[in-house]
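Asks: Take a look at the following structure, please.
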Amino acid sequence: MTRQAETLRSELRAGLPEHLPQRLGIAVSGGGDSVALMHLLHEIAQSENIHLFAATVNHGLRPEAPDEAKQVADQAARLGIAHETLLWQDWDGAGNLQDQARQARYRLLTDWARRNEIEAIVLGHTADDQAETVLMRLGRAAGVTGLSGMPNARVRNGVILLRPMLGITRQTLRDYLSELGVGWVEDPSNQDQRFDRIKARKALQDLKTLGISAQSLARVAENLAQAREALARYTQESARSISVVDGGDVCLDRGGFKQVPAEIQRRLIVAIIAWIAGQGYAPRRTAVDQAVAAVRDGRAMTLSGCLLIPHANKTWFCRELNAVAAETAAPNEVWDSRWILSGPPSPGAEVRVLGKDGLPQVPDWRDLGKPRKALLSSPAVWKGEKLLSAPLAAYSNGWTAEFAPHRPEFYSSILSH
């Protein structure tokens, strides 16, 4: 191993957790960044007795994609790494293609990881990707969270996503591959000026005369990430003191809410919405500000599939009925991406929302002291039109409602969302 390769491997290892899971996934597109990542991780895995698994997402958008995935599979095979190609077939031609492809990529990868009992996936994002992200978010007048760029680690769909190369440049990785004599794929979309990221890439080149580089912007993002972490911990402490979790709902004390700084108020709203409605893009700043005002003023509001319900001196956050009205699942399966209802054998039973037809069949729901609308959107067990159980409405009949294993409890989710 050359000195350059050894240094690169050390930098990569320093960006990973001290203790790696025994089964570790790698997302490999076939581009230079991810191919270099696969080779470097192979060296690390051999020395640490880690089992590697690679996956390539074929978005089905270019005729060359199947051959490129096959090329990755061949490279992985030469390294003794199990490989699987994941095919995206859901795009209907509408909406933002890049955004939908990105969301699909993460969904396919995390589903693959969970199916194969892989705890974490390593991604090949570089200092250049981080710098481009910061530039794009500058154009949107982002705050601390946005300008802190992509996090080194985050949890998505119950799987840890790791980005250990955010301090390593794209060119460094290509130099490493050239030294190895290993080829990679160049995606033609990386030259398409219609995409914001490619515009940011060109702008980054133009900024070099000001001393602004991929490395310097990546360091800025790292500095702001430390500020983001401090704000997240303050938000978590505030949440513990002014909120209570009741089933899948969060009850917020309005008096205490008014006492915390405006930035923490916004972060708390975003964290509650993400925990109840699921991870995704956070609501827009204007919508969050409206929610902050609604809590302060004791007004009702709907936001991102959640209801804000004023009740005495509290505001309840719960799932919006319309958001789950069509959701169904079998017992012991996940409902609304977070609940699993289990109970005695009941052929023909299914999990649906309690709703307006079910709540009148629950005799003591008023004793719970919760707003009616919060109970309407809770999960229940039905057999046809007969209500068998509504565990979150104190009508269990031998059934329980538990969070799906991949869903964190509320307060810890604040540090990971």
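Asks: Among (1) in contact with a strand residue (DSSP E or B) (Cβ under 9 Å, 6 or more places away or on another chain); (2) among the hydrophobic types (A, V, I, L, M, F, W, C); (3) over 30 Å from Ala282 (Cβ atoms); (4) surrounded by fewer than 19 Cβ atoms within 10 Å (Cβ to Cβ), there is one condition Val334 misses while meeting the rest; what is its number?
Replies: (3)
Asks: Let me ask another. Just to verify a result, which residue in segment 15-63, among those that are among the charged types (D, E, K, R) and over 19 Å from Thr169 (Cβ atoms), is modelled with the lowest pLDDT? Please lay out each step first, then the result.
Replies: First, pick out the residues of segment 15-63 that are among the charged types (D, E, K, R): 18, 23, 33, 43, 48, 62.
Subset that is over 19 Å from Thr169 (Cβ atoms): 18, 23, 43, 48, 62.
Working: Glu18: 93, Arg23: 97, Glu43: 93, Glu48: 94, Arg62: 76.
Ranking the qualifying residues of segment 15-63, first place goes to Arg62.
Asks: Hey, among the residues in segment 335-365 that are polar (S, T, N, Q) and part of a loop (DSSP other than H, G, I, E, B), which one's farthest from Ala323 (Cα to Cα)?
Replies: Selected residue: Ser346.
Asks: Of the conditions (1) at pLDDT 85 or above; (2) open to solvent by 30 Å² or more (accessible area, probe 1.4 Å); (3) assigned to a loop (DSSP other than H, G, I, E, B); (4) not hydrophobic (A, V, I, L, M, F, W, C), Arg219 clears all except one; give me its number.
Replies: (3)
Asks: Now, a different point. For the list (1) under 21 Å from Ala271 (Cβ atoms); (2) at pLDDT 95 or above, I need the number of the one condition that Ser413 fails.
Replies: (2)
Table: residues versus (1) on the phi < 0 side of the Ramachandran plot; (2) hydroxyl-bearing (Ser, Thr, Tyr); (3) without any contact (Cβ under 8 Å) to a residue 24 or more places away in the chain; (4) touching an Asp or Glu at 6+ places or on another chain (Cβ under 9 Å).
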residue	(1), (2), (3), (4)
Ser10	yes, yes, yes, no
Leu20	yes, no, no, yes
Gly25	yes, no, no, yes
Gly31	yes, no, no, yes
Glu48	yes, no, no, no
Ala55	yes, no, no, yes
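Asks: Going residue by residue through segment 205-215, is there one that turns out to be of a type in the set (Val, Ile, Thr) and either in a helix (DSSP H, G or I) or over 26 Å from the mean Cα position of the chain (by Cα) (or both)?
Replies: Checking segment 205-215: at least one residue is of a type in the set (Val, Ile, Thr) and either in a helix (DSSP H, G or I) or over 26 Å from the mean Cα position of the chain (by Cα) (or both).
Asks: Restricting to segment 7-44, count the residues that are over 16 Å from Gln75 (Cα atoms) and not hydroxyl-bearing (Ser, Thr, Tyr).
Replies: Qualifying residue count for the region: 17.
Asks: I need every pair where a residue in segment 301-322 that is modelled with pLDDT of 95 or more has its Cβ under 7 Å from the Cβ of a residue that is of a type in the set (S, T, N, Q), sequence separation at least 6 or different chains.
Replies: Sorted first by the residue in segment 301-322, then by its partner, the pairs are Met301/Gln290; Leu308/Thr315; Ile309/Thr315; Cys318/Ser377; Arg319/Ser377; Glu320/Thr302; Glu320/Ser377; Leu321/Ser377.
Asks: Report, by residue number, each residue of segment 261-309 that is open to solvent by less than 20 Å² (accessible area, probe 1.4 Å) and in a loop (DSSP other than H, G, I, E, B).
Replies: Once the filter is applied, which keeps residues that are open to solvent by less than 20 Å² (accessible area, probe 1.4 Å) and in a loop (DSSP other than H, G, I, E, B), segment 261-309 yields only Gly305.
The values are calculated or read from the model by the stated rules, or taken from the named source; none is laboratory data. Owing to the predicted nature of the structure, the values given are computational and were not obtained by experimental measurement. Note that each Cβ is placed from the backbone with ideal geometry, even for glycine, and that neighbours are counted across all protein chains shown. Ligands, DNA and RNA are stripped out before the accessible areas are found, and what is left, the full protein with its side chains, is counted by its heavy atoms. Shrake-Rupley method; radii C 1.70, N 1.55, O 1.52, S 1.80 Å.
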